[in-house]
Amino acid sequence: MSESPSKLEGLFYFSGMHKQPESLRKGDKVGVVAPSRVITEMQMEKAFEIFGSWGLEVIRGDALFAKAGYFAGTDSERREDLQRMLDDPDIKAIFCARGGYGMTRVIDQLDLSNIVSKPKWVIGFSDITALHLALNRKKVESIHGLMPVQYNYMGVEQSLSSLRQLLFEGMVDYEIAFNAKNKQGACTAEIVGGNLSLVVESLGTPTEIDTDKKILILEEIDEYLYKIDRMFMQLSRSGKLRNLAGVIVGDFSQMKDTQIPFGKSVLDLIAAHLEELDIPVAYNFPVGHEARNLAIPLGRKMHLEVLKDTVRLRDAV
């Protein structure tokens, strides 16, 4: 019997039309960069400790702890740091230290040709969605998952375990509890998306999200309810909800209301936009800005089953 693709040494395989980077092994070099918000060395101590326990050799970006106002260095410093990691053939994965804001300021100047020819894992979420979308356009898988600044947060053990399993073993199989708002059904399709704000901001740009016949995953934090409604309206008006295969609604954390109440909870608001879609929809999937943030291989063909008592997301066979 031949070995599974995740065990093949020195190769990647095609998952649908996307290239899947090879699994990590002990001794591999990984890069850590901060392409968005400023970060301190103290915030990264736990992450460096965990990378060491995984047997990884960490290469820190030159500007990892730089500061230029809100940002982790100037646009040029952050872009050059990330570009070096993308181009270095010895770096097997790139961990984005944190989100915030800043990725879209440099995304169009990045050269992704080397990661296309020799894929490596890029890990992050939130603001890093902009980079995931760019990689998706280049048909390279990437990981929506916990970022190093969060490794010392309370309750992230399952999130870290799922990330390590995806990086070192390559496969995904999650089962979560049913939500009353779910729409039952099953589909097999490529999974795309990430942070709602960044997905909407991609519209009309070179890295615009392609949702056609895809499973769309969305999460958000710290937004007003009317802005969530406005962003879903934009997705609808631009046709991005028209031909989906399925939807995974992650965590919508720390939502805010205005002086005049919007009149709906965030899940009721989202459900109203999705109610006419005859596709499986899973609500409250543990992805986003909460401690339980399961690692998702964006760009991979996945099988989503939304059943009457459970939800399962796994690699397509």
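The values are calculated or read from the model by the stated rules, or taken from the named source; none is laboratory data. Every value quoted in this text rests on a predicted model; they were computed, and no experiment measured them. We place every Cβ from the backbone using ideal geometry, glycine too, and count neighbours over all the protein chains shown.
Observations, loosely collected:
- Among the residues here, Glu290 qualifies as within 23 Å of the chain's Cα centre (by Cα), of a type in the set (Asp, Glu) and assigned by TED's automatic domain parsing to the domain that holds Gln184.
- The set of residues in region 1-47 that are at pLDDT 95 or above and assigned to a helix (DSSP H, G or I) comprises Glu41, Met42, Gln43, Met44, Glu45, Lys46, Ala47.
For (1) closer than 28 Å to Ile107 by Cβ; (2) of a type in the set (Asp, Glu), each residue gets a yes or a no:
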position	(1), (2)
Val200	yes, no
Met231	yes, no
Ser236	yes, no
Ile248	yes, no
Met255	yes, no
Leu267	no, no
Asp278	no, yes
Val281	no, no
Leu307	no, no
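- Any pair with Cβ under 7 angstrom, 6 or more apart, that starts in region 90-104 at a residue that is modelled with pLDDT of 95 or more and ends at one that is of a type in the set (S, T, N, Q): Arg98/Ser36; Gly99/Ser36; Gly99/Ser126; Gly100/Ser36; Tyr101/Ser36; Gly102/Ser36; Met103/Ser36
- Filtered by the rule that a residue be surrounded by fewer than 24 Cβ atoms within 10 Å (Cβ to Cβ), part of a strand (DSSP E or B) and either in contact with an Asp or Glu (Cβ under 9 Å, 6 or more places away or on another chain) or not hydrophobic (A, V, I, L, M, F, W, C) (or both), region 178-191 gives Lys183, Gly185, Ala186, Cys187, Thr188.
- Pairs linking a residue in region 53-66 that is under 13 Å from Glu41 (Cβ atoms) to a residue that is of a type in the set (Phe, Trp, Tyr), with Cβ atoms under 7 Å and 6 or more positions apart or on different chains, are Val58/Phe48; Val58/Phe51.
- Check on Gly194, under 11 Å from the mean Cα position of the chain (by Cα), outside the structural domain of Ile91 (by TED's automatic domain parsing) and within 30 Å of Ser53 (Cα to Cα): yes
- Filtered residues of region 140-164 (kept if more than 23 Å from Glu190 (Cβ to Cβ) and of a type in the set (D, E, K, R)): Glu157, Arg164
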